[in-house]
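Visitor: Please find one structure pasted underneath; my questions will follow.
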Amino acid sequence: MHLFIERTNRKMEKKFRGNVRQLLRKLKLNPETVLVAKNNALVTEDEKLDNTDDVKILSVISGG
Amino acid sequence: MKCEKCSEKSVFSGPCYCKKHFIEYFEEKVLSTIKNFGLISKNDNVAVAASGGKDSTVLLYLLKKFHGSVDAIAIDEGIHGYRSSTLEDLRRFCAKHGIGLKVYSFRDEFGRELDSMLDGLQAIPCAVCGTFRRYLMNKHARGYDSIATGHNMDDEVQSVLMNLLKNNAEMSARLGPKSGVIEDGLFVPRIKPLYFCAEKEVMAYSLLMGFELSFAECPHVPRSFRSQVRDALNDYEAGHPGTKKRILERFMAMLPAMKTHYEKKISAGAIPSQLRRCASCGEPAYGTVCRACQFLETLKPAVHRPNANTEKGTANRLLQVRL
């Protein structure tokens, strides 16, 4: 999948099959601090992801 | 996961709603907060303390939509690599939505930017920045009925916990959807229409509405006590969903008693019944000199002193300050 992590401004190609919850666990990201977009649409933690998806992990925390 | 109200796919969980029903749910929550706590009356002149971040941008949009007229006031602290991008977003948003915007800077008001001020102080950046921001916001919002801030549920729960951890629970009596206990002619009341909205909900609303905002995080945040409390609360929330909401609900149940206790102390003379006027600048102060002037006294040469006290706050003087 094409993966973008907003807070660290990291883009990467990643082989992954599973759901959003499992991806966040693998990346050690607290689900309370992010929202996830798949192919430019917000999705919930049970959403299935595969290698062709464009996934953005957007930071809920910003500002001061 | 399906929407709780229709068969569409959810875009948000806890509660699970599709885009249309999430937007309805969120807007209803903000409207009911305004109504239930009497935050805004029909003819009120409201200023939003805006930064270009998601919280104050969402607030600007909703107050413009539901209240009609609203102005934005922003403070440019002068934080390198951070504030200029958010202010650019704010200018673009205000122009697009026909919202008046005024920007005041630390440089113009105090003679130097925050980054430069911190070189002369041992204090925590957020304590200095927050003091000067609140000072300028209150001064320049005078004439408005209230200042609406983008504080959300996460911000408030952090403040409650921080006050408790600092053994300063009395400070929490000043919290709530409508801030403050002591009324004063020079003090503009502050209201928090996003009070019951989780930060994640505010972010989701901002994304679903297509607001074009940059991701920006203040570089001083890692040094703040608030960020440590925020991270701890997010860890609790992940392990025990509903933690923040329960803390806020318990706090709201205790708040009337805390305010009564505070008012009794005022009646007994333990706390002044009125704010004083700062001996240096004439702005409202709890002590003889306001906190902003105390910080300014510790700065190195040639800083502007805040305006001398006038009801309109227009007189400007430049004083040399020596250490």
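The values are calculated or read from the model by the stated rules, or taken from the named source; none is laboratory data. The model shown is predicted, which means the values in this text are computed figures rather than measured ones. Don't worry about glycine lacking a Cβ; one is built from the backbone with ideal geometry, like all the others, and counts go over all protein chains shown. Ligands, DNA and RNA are excluded from the accessible area calculation, which covers all protein heavy atoms including side chains. Shrake-Rupley method; radii C 1.70, N 1.55, O 1.52, S 1.80 Å.
Visitor: Going through the range B:176-226 one residue at a time, which ones are away from every other protein chain (no Cβ under 11 Å), surrounded by 23 or more Cβ atoms within 10 Å (Cβ to Cβ) and outside any loop (DSSP other than H, G, I, E, B)?
Guide: Within the range B:176-226, B:191 is the sole residue that qualifies.
Visitor: Output the residues belonging to the range A:30-52 that are more than 11 Å from chain B (Cβ to nearest Cβ) and crowded, with 16+ Cβ neighbours inside 10 Å.
Guide: A:49
Visitor: Within the range B:141-149, is there a residue that is open to solvent by 20 Å² or more (accessible area, probe 1.4 Å) and at positive phi? Before the answer, list the steps.
Guide: Residues of the range B:141-149 open to solvent by 20 Å² or more (accessible area, probe 1.4 Å): B:142-145.
Filter once more, keeping what is at positive phi: B:143.
The answer is yes, given that some residue of the range B:141-149 is open to solvent by 20 Å² or more (accessible area, probe 1.4 Å) and at positive phi.
Visitor: Another question, if that's okay. How many of the residues in the range B:231-251 are in a helix (DSSP H, G or I) and open to solvent by 20 Å² or more (accessible area, probe 1.4 Å)?
Guide: Filtering the range B:231-251 for residues in a helix (DSSP H, G or I) gives B:231-239, B:243-251.
With the extra rule that they be open to solvent by 20 Å² or more (accessible area, probe 1.4 Å), the set shrinks to B:231-232, B:235-239, B:243, B:245-247, B:249-250.
Result for the range B:231-251: 13.
Visitor: Can you tell me which residue in the range B:175-214 is farthest from the chain's Cα centre (by Cα), limited to those that are among the small types (Gly, Ala, Ser) and over 17 Å from residue B:157 (Cα atoms)?
Guide: B:210
Visitor: What are the residues in the range B:257-278 that are open to solvent by less than 80 Å² (accessible area, probe 1.4 Å) and either among the aliphatic types (A, V, I, L, M) or in a helix (DSSP H, G or I) (or both), if any?
Guide: Listed by number, the residues that qualify are B:257, B:258, B:259, B:260, B:262, B:265, B:266, B:270, B:271, B:275.
Visitor: Now, a different point. Residues in the range B:191-207: is at least one touching a residue at least 12 places away in the same chain (Cβ under 8 Å), out of contact with any Phe, Trp or Tyr (no Cβ under 6 Å at 6 or more places or on another chain) and under 24 Å from residue B:105 (Cα atoms)?
Guide: Yes, the range B:191-207 contains a residue that is touching a residue at least 12 places away in the same chain (Cβ under 8 Å), out of contact with any Phe, Trp or Tyr (no Cβ under 6 Å at 6 or more places or on another chain) and under 24 Å from residue B:105 (Cα atoms).
Visitor: Continuing with this model, one more query. Between a first residue in the range A:1-26 that is without any contact (Cβ under 8 Å) to a residue 24 or more places away in the chain and a second residue that is open to solvent by 40 Å² or more (accessible area, probe 1.4 Å), which pairs have beta carbons less than 7 Å apart while being 6 or more apart in sequence or on different chains?
Guide: A:11/A:4; A:13/A:2
Visitor: Kindly state which helices (runs of 4 or more DSSP H) lie completely within the range B:1-104 and contain at least 1 residues that are within 14 Å of chain A (Cβ to nearest Cβ), in contact (Cβ under 8 Å) with a residue 24 or more places away in the chain and closer than 30 Å to residue A:19 by Cα.
Guide: Details: elements: B:19-36, B:54-67, B:83-97.
Hits in the range B:1-104: B:19-36, B:54-67.
Visitor: Turning to a different aspect of this structure: Somewhere in the range B:202-214, is a residue touching a Pro at 6+ places or on another chain (Cβ under 9 Å) and more than 30 Å from residue B:281 (Cα to Cα)?
Guide: no
Visitor: Could you say whether any residue in the range B:47-65 is on the phi > 0 side of the Ramachandran plot and open to solvent by 10 Å² or more (accessible area, probe 1.4 Å)? Full working, then the answer.
Guide: Here is the first cut: in the range B:47-65, the residues on the phi > 0 side of the Ramachandran plot are B:52.
Those still in the list that are open to solvent by 10 Å² or more (accessible area, probe 1.4 Å) too: none.
No, every residue in the range B:47-65 fails to be on the phi > 0 side of the Ramachandran plot and open to solvent by 10 Å² or more (accessible area, probe 1.4 Å).
Visitor: Another one. Checking the structure you have, find out if any residue of the range A:8-20 is surrounded by 18 or more Cβ atoms within 10 Å (Cβ to Cβ), more than 8 Å from every other protein chain (Cβ to nearest Cβ) and in contact with a strand residue (DSSP E or B) (Cβ under 6 Å, 6 or more places away or on another chain).
Guide: Of the range A:8-20, the ones surrounded by 18 or more Cβ atoms within 10 Å (Cβ to Cβ) are A:20.
Checking the rest, the ones that are also more than 8 Å from every other protein chain (Cβ to nearest Cβ) come to A:20.
Filter once more, keeping what is in contact with a strand residue (DSSP E or B) (Cβ under 6 Å, 6 or more places away or on another chain): A:20.
Yes.
Here's the yes/no breakdown for (1) away from chain A (no Cβ under 14 Å); (2) out of contact with any Leu (no Cβ under 8 Å at 6 or more places or on another chain):
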| residue | (1), (2) |
| --- | --- |
| B:235 | no, yes |
| B:245 | no, yes |
| B:251 | yes, no |
| B:255 | yes, no |
| B:284 | yes, no |
| B:288 | yes, yes |
